[in-house]
1. Condition first: closer than 21 Å to residue 592 by Cβ and within 25 Å of the chain's Cα centre (by Cα). Now tell me which residues in the range 629-657 satisfy that.
2. Can you report the number of residues in the range 516-527 which are under 16 Å from the mean Cα position of the chain (by Cα) and surrounded by fewer than 24 Cβ atoms within 10 Å (Cβ to Cβ)?
3. From 259, 275, grab the single residue that is over 32 Å from the mean Cα position of the chain (by Cα), closer than 26 Å to residue 117 by Cα and surrounded by fewer than 20 Cβ atoms within 10 Å (Cβ to Cβ).
4. Yes or no: residue 692 in contact with a helix residue (DSSP H, G or I) (Cβ under 8 Å, 6 or more places away or on another chain), farther than 30 Å from residue 620 by Cβ and either loosely packed, with under 15 Cβ neighbours inside 10 Å or modelled with pLDDT under 90 (or both)?
5. How many of the residues making up the range 104-125 are surrounded by fewer than 20 Cβ atoms within 10 Å (Cβ to Cβ) and under 18 Å from residue 262 (Cα atoms)?
6. Go through (1) outside any helix (DSSP H, G or I); (2) crowded, with 24+ Cβ neighbours inside 10 Å for residue 500 and report which single condition fails.
7. Any idea which residue in the range 545-560 is nearest to residue 440 (Cα to Cα), counting only those that are surrounded by fewer than 20 Cβ atoms within 10 Å (Cβ to Cβ) and under 24 Å from the mean Cα position of the chain (by Cα)?
8. Kindly check whether there is at least one residue in the range 235-251 that is farther than 16 Å from residue 118 by Cα and surrounded by fewer than 15 Cβ atoms within 10 Å (Cβ to Cβ).
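The values are calculated or read from the model by the stated rules, or taken from the named source; none is laboratory data. This structure is a prediction, so every number in the text was calculated from the model and none was measured. All Cβ positions, glycine included, derive from the backbone under ideal geometry; neighbour counts span all protein chains shown.
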């Protein structure tokens, strides 16, 4: 009884709890409420494994069906008409014809005439499985299609068959449609034609650089032999060349390019050994076969060839930028196929004037018979409109048929002290301070002692001034006027070398592979007159980036019209910083290393000029880059041995008595003379700089004063804090006098005026030009 009664007594409580639990479930508030069950049940009903599998299979069937339809509906077309090159027409900016270019340099040869081992070099280079595959690389093609859809650009991995199809049947455009057609046609071609037919088509249609299409033209262009006479090492080079003809051409390749093509040449031969196509002992005995120097095609004499090649390069890069071509080589192939009407920004009158200036000021004075060093002198120049970016004149060398490499666009020589304004621009734009905490201005005092170790750098550096000359304490203005290495090495550290290189890149220099070390302050990187003209044009354009543009427009019925309507970019440094650099650079012309050739030139007639000279390590290059408010021109002289393989050599002794002291060729000599003869000759009106700055030589004086140009003081100053500031005229700006040198990089801006520097413009007493360095000036 007790037990039953107890059960009855406890039942209501238990039932209450159960009811409460049931209520909670109905309300959906419990962890396993009916709403939660419904949600999960709905998901399970929608995403069942059967439905997922069915959807996947449906997609697979759809893709297969679409591919079968594409395969059945896409025939092997006739050869692409574009494979037969048309002429390109090049015009001056006024519409006058400059040149016609585009005759096909191709002669097809039967595969049987090409040595079997040479045939194998191409297979080893591009597609080792060529003889056994189905003509396509599905993985590479799929990757290429996906990356095209995502806008990631070109992808490698194509077979020889696919490359032949692209070259001969299709185009170089980067589209999904083209890639799919390439895949289908390659599969069909591999089934219908034998491998020898495809290989012959591939090596006869590919572009090898130097204007050569096909192996016969390439054999002649690089080795002066017919294709049937090619050796295995020569064939391996031509096969390696196809990956990047412009970059791997030995005559114009950079050191990096030469290393890359040599590595690929070895890769080709090693693959041949791996495939038993070449005996290992023969391979081990092979040496790299350096190609012969290129010969220019007829009709490209004088400056024509340089202008045509430079225009082709610029257009190929633009086709890549617009997404029309996969990469630079594909873009160049589109250009070479022809049908382009290309209008250049070249002003015919200025082009002629630049050629005349170089001839009158330099080449007419060279005598290769009397002085062998005269044969080693190469000149390059570029003239840019700073307001539009238009390249209005370009000088690439004495003649394209005599010297194939364009001296105006080559980047293998140091710009030397023409880089110093970039350091100053970085200092002004970054509001940089000296080691003593003083803001850097044109009036800041620095220690100009030769070989003075820089302060504040983890990397030791103590550059020598020209002739190891000590200048004592000098203002930044004087340091740039006299191109004092020790000052700008310290300034680079004060600004921070990463910031200096960042500003250099913003101004238009290629700094991607440069290390941020103090030695870069001496301009030890490579640069071209084209690049330096762009840098100074940006300064002239008040800090708005100027990208030099050779092409005004390019039209082709098969491609979008390209127009370089406005190659002016955004503000890359502040206007005040750019204008301050310009102001300081007027002092270099009126009171510094360019005074003889530019300041006192009778053609000047009051024209305002800013510019900088430069002479590189061991006198291998000499520069003057200068500008007026309306025109920027960079002139470079390069020492290049006339004998193969054409290493860099000193310019010292060129033209004998016509050079500077000790036989050196410096930036204030021939480069500045060429610049002045050209610029003052084409300038029809005297113009003035519109500067928003309160510092620098341009705002301190209304006109140059040639009678009181300063020279360095013979003794250092007593204290940088009390040394003088520049006077109202840059011609009388002083160096401090007589005492110990400061222990750190710079002192506060000076305040008084105690100019004591004597005039040095008397020819009988003028010292050696302080611009010429023993290293990096």
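1. Listed by number, the residues that qualify are 631, 632, 633, 634, 635, 636, 637.
2. To start, the set of residues in the range 516-527 that are under 16 Å from the mean Cα position of the chain (by Cα) comprises 523-527.
When the remaining residues are screened for being surrounded by fewer than 24 Cβ atoms within 10 Å (Cβ to Cβ), the result is 524-526.
Summing the residues that are under 16 Å from the mean Cα position of the chain (by Cα) and surrounded by fewer than 24 Cβ atoms within 10 Å (Cβ to Cβ) in the range 516-527 gives 3.
3. Numbers: 259 fails: over 32 Å from the mean Cα position of the chain (by Cα).
Just one listed residue meets the conditions, 275.
4. Numbers: in contact with a helix residue (DSSP H, G or I) (Cβ under 8 Å, 6 or more places away or on another chain): yes; farther than 30 Å from residue 620 by Cβ: yes; either loosely packed, with under 15 Cβ neighbours inside 10 Å or modelled with pLDDT under 90 (or both): yes.
Yes: the conditions hold for residue 692.
5. Here the count works out to 0.
6. Unmet condition: (1).
7. Among them, the one singled out is 547.
8. Step one: list which residues in the range 235-251 are farther than 16 Å from residue 118 by Cα, which gives 243-251.
Narrowing the set further to residues that are surrounded by fewer than 15 Cβ atoms within 10 Å (Cβ to Cβ) leaves none.
No, the range 235-251 contains no residue that is farther than 16 Å from residue 118 by Cα and surrounded by fewer than 15 Cβ atoms within 10 Å (Cβ to Cβ).
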